[in-house]
Amino acid sequence: MDAEGGRVGFRKRLNPPPRCARTLPHRGRDWSTLALSAIVASVLAISTTAHAAGNAKNGRQKALQCQTCHGLDGLSKLPEAPHIAGQPEPYLIKSMTDFKNGTRQNDMMTFVAKELSDQDIADLAAYYASIELSVTVPKR
Ligand code: HEC
């Protein structure tokens, strides 16, 4: 009864469905609808955050605090740290925001990210995303 009650409650919350969901074929309000809502919500969250337009020049200054681990060039200087140069800007924003709000956790990054404002995150993402990469894929 509890589980059924939860589902009914969920149906009510989704009625009327989010505008974007109407463009997709209706398959009943089941878990796929829930997943879809989550995806739509996170895409909206990302695009909203991206509106706090990042300034790459300011981001370069702020990146001085990242260089020990990620380098000013965005190439990892620590075995546990990833390259962040040239990553998509929305992904960089999401990663830093996830560390900041605890959705993603890592001793080092959680510590760093909790001090960053949304503007810092936007600027840092603009800077690291603007670094151009050249890659050579192994022949085989
Ligand atoms: C003390 C080392 C350290 C510092 C300083 C640091 N980071 Fe990190 N960062 C890490 C580590 C380690 C990870 C990988 C975390 C994990 O495994 O989830 C990471 C992950 C990230 C990621 C996610 C990348 C991905 O591919 O998912 C981003 C983005 C990032 N850092 C940005 C920054 C920025 C911007 C700064 C400066 C404000 C910064 N970091 C400072 C160690 C550091």
Net charge contributed by nearby residues that have their C-beta within less than 10 Å of Asn58 (K/R +1, D/E -1): +1
Calculated SAXS-style log₁₀ I(q)/I(0) at q = 0.17, 0.22, 0.23 Å⁻¹ - the stretch 56-130, Debye, Cα scatterers: -0.54, -0.96, -1.06
Summed residue charge, Cβ within 13 Å of Lys100's Cβ, Lys/Arg positive, Asp/Glu negative: -1
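Starting from 0.36 nm per residue, how many nanometres of slack lie between Leu72 and Asp98 once their C-alpha separation is accounted for?
On the way: separation 26, 0.36 × 26 = 9.36 nm, distance 2.17 nm.
Residue separation times 0.36 nm, minus the Cα-Cα distance, leaves 7.2 nm.
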Amide proton proximity set for Ile131, modelled H, under 5 Å, gap of 5+: Gly86
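Taking 0.36 nm per residue of separation and subtracting the Cα-Cα distance, what length does fully extending Thr110 through Gln65 add? List each step's numbers first, then the result.
On the way: separation 45, 0.36 × 45 = 16.20 nm, distance 1.39 nm.
Result for the pair: 14.8 nm of gain on full extension.
Each value in this text was obtained by applying a stated rule to the coordinates, not by laboratory testing. Quick caveat, the model's predicted, so the values are computed rather than measured. Note: ideal-geometry Cβ built from the backbone for every residue, glycine included; neighbour counts use all protein chains shown.
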